[in-house]
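Below: the structure, in structure tokens.
The values are calculated or read from the model by the stated rules, or taken from the named source; none is laboratory data. Because the structure is a prediction, the values reported are computed rather than measured. FYI the Cβ positions are ideal-geometry reconstructions off the backbone, even for glycines, and counts take in every protein chain you see. Each accessible area value is taken on the protein alone, full model and side chains, heavy atoms only, with ligands, DNA and RNA left out. Shrake-Rupley method; radii C 1.70, N 1.55, O 1.52, S 1.80 Å.
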Amino acid sequence: MSTESPIAKRSANLPHWEQGETCVFVTFRLADSIPESKLGQWQEERDDWLSRHPQPWNEEEKNEYFTEFGNALEKWLDDGLGSCALEYPDNRELVCNALRHFDGERYTLFAFTVMPNHVHVLFSPIGDFGASGILHSWKSFTAHKVRRAVGDSGSFWQKESWDRLIRDDRHFAKVVRYIARNPRNAGGAGYAYVREDLLLHTAP
């Protein structure tokens, strides 16, 4: 996994980074997966933190941001709130197939899990295919297909995603374990995939 390329930061409601072919862990969720009341509180607390920690961040500040605000999102998502459209086998399979479709061509897919209301993916872009473009392709294709199947024209995915660059092999292994265990830790719902040669990373 490359960590030598310059880091490009994309501006949005949430901070996003890209670094060439460096491995990235991304979470994207259904539009109704977190109640507005909880999300509003989270955004207020996050905005306050951001006002007190202007970028660029050091490694300690990055860890604090992702630990404090990422963990809250993960807990709420694992509560299984909202329509949970991905608990239906046809929708879940559609997303799984989309994630696998360009594996080895546009990106290297290491692991993913499709939960009832959100998706985690660990992947590395290949060549000129950037992480943001890959993510947009997954979300656009699957949203169109699912909405057409159920006859719904509303928002499917939340516009924003939550992503983090992988720092080192230890971080990589931790994320692989998290993805593999997410369905079990959230009560058994969801489907997890880990590339066969990485299954050792899922050991305790």
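Restricting attention to segment 58-113, the residues being more than 17 Å from Trp162 (Cα to Cα), open to solvent by 10 Å² or more (accessible area, probe 1.4 Å), touching a strand residue (DSSP E or B) at 6+ places or on another chain (Cβ under 9 Å) and among the aliphatic types (A, V, I, L, M) number 1.
Beta carbons closer than 7 Å, at least 6 apart along the sequence or on distinct chains, pair a first residue in segment 87-98 that is within 14 Å of Met115 (Cβ to Cβ) with a second that is assigned to a helix (DSSP H, G or I) for Asn91/Ala85; Asn91/Val146; Arg92/Leu86; Val95/Leu86; Val95/Thr142. Considering only segment 100-113, I want to know if a residue exists there that is in contact (Cβ under 8 Å) with a residue 60 or more places away in the chain and touching an Asp or Glu at 6+ places or on another chain (Cβ under 8 Å). Looking through segment 100-113, at least one residue is in contact (Cβ under 8 Å) with a residue 60 or more places away in the chain and touching an Asp or Glu at 6+ places or on another chain (Cβ under 8 Å).
Of everything in segment 187-204 that is of a type outside the set (Gly, Ala, Ser) and loosely packed, with under 11 Cβ neighbours inside 10 Å, the residue that is farthest from Leu77 (Cα to Cα) is Asp197.
Modelled with pLDDT of 95 or more and among the polar types (S, T, N, Q): does that describe Ser137?
On the way: modelled with pLDDT of 95 or more: yes; among the polar types (S, T, N, Q): yes.
Against the criterion (modelled with pLDDT of 95 or more and among the polar types (S, T, N, Q)), Ser137 qualifies.
In segment 173-184, the qualifying residues are those that are under 23 Å from Trp76 (Cα atoms) and touching a helix residue (DSSP H, G or I) at 6+ places or on another chain (Cβ under 8 Å), and the one that is surrounded by the fewest Cβ atoms within 10 Å (Cβ to Cβ) is Arg181.
Under the condition of being in contact (Cβ under 8 Å) with a residue 40 or more places away in the chain and charged (D, E, K, R), the residues counted in segment 133-150 number 2. Hey, any hits in segment 156-166 for a residue that's over 23 Å from Tyr65 (Cβ atoms) and either out of contact with any strand residue (DSSP E or B) (no Cβ under 6 Å at 6 or more places or on another chain) or buried (at least 17 other Cβ atoms within 10 Å of the Cβ) (or both)? Yes: segment 156-166 contains one or more residues that are over 23 Å from Tyr65 (Cβ atoms) and either out of contact with any strand residue (DSSP E or B) (no Cβ under 6 Å at 6 or more places or on another chain) or buried (at least 17 other Cβ atoms within 10 Å of the Cβ) (or both).
Within segment 140-173, the set of residues being within 21 Å of Ala111 (Cβ to Cβ) and either among the small types (Gly, Ala, Ser) or assigned to a helix (DSSP H, G or I) (or both) comprises Phe141, Thr142, Ser161, Asp169, Arg170, His171, Phe172, Ala173. Here Trp17 meets the list (1) of a type outside the set (A, V, I, L, M); (2) outside any strand (DSSP E or B); (3) modelled with pLDDT under 85; (4) within 20 Å of the chain's Cα centre (by Cα) almost entirely, failing just condition (2).
I need a count of the residues in segment 135-150 that are open to solvent by less than 70 Å² (accessible area, probe 1.4 Å) and over 22 Å from Phe66 (Cα atoms). If you could, list the steps in order and put the result at the bottom.
Within segment 135-150, the first condition is being open to solvent by less than 70 Å² (accessible area, probe 1.4 Å), and the residues that meet it are 135, 137-140, 142-143, 145-146.
Going one step further and asking which of them are over 22 Å from Phe66 (Cα atoms), we end up with 137-140, 142-143, 145-146.
Counting residues in segment 135-150 that are open to solvent by less than 70 Å² (accessible area, probe 1.4 Å) and over 22 Å from Phe66 (Cα atoms) gives 8.
Counting only helices (runs of 4 or more DSSP H) wholly contained in segment 41-117, the ones carrying 1 or more residues that are at pLDDT below 90 occupy 59-65, 71-78. Ala203 falls short on exactly one of the conditions (1) more than 14 Å from the chain's Cα centre (by Cα); (2) closer than 24 Å to Asp90 by Cβ, and that condition is (2).
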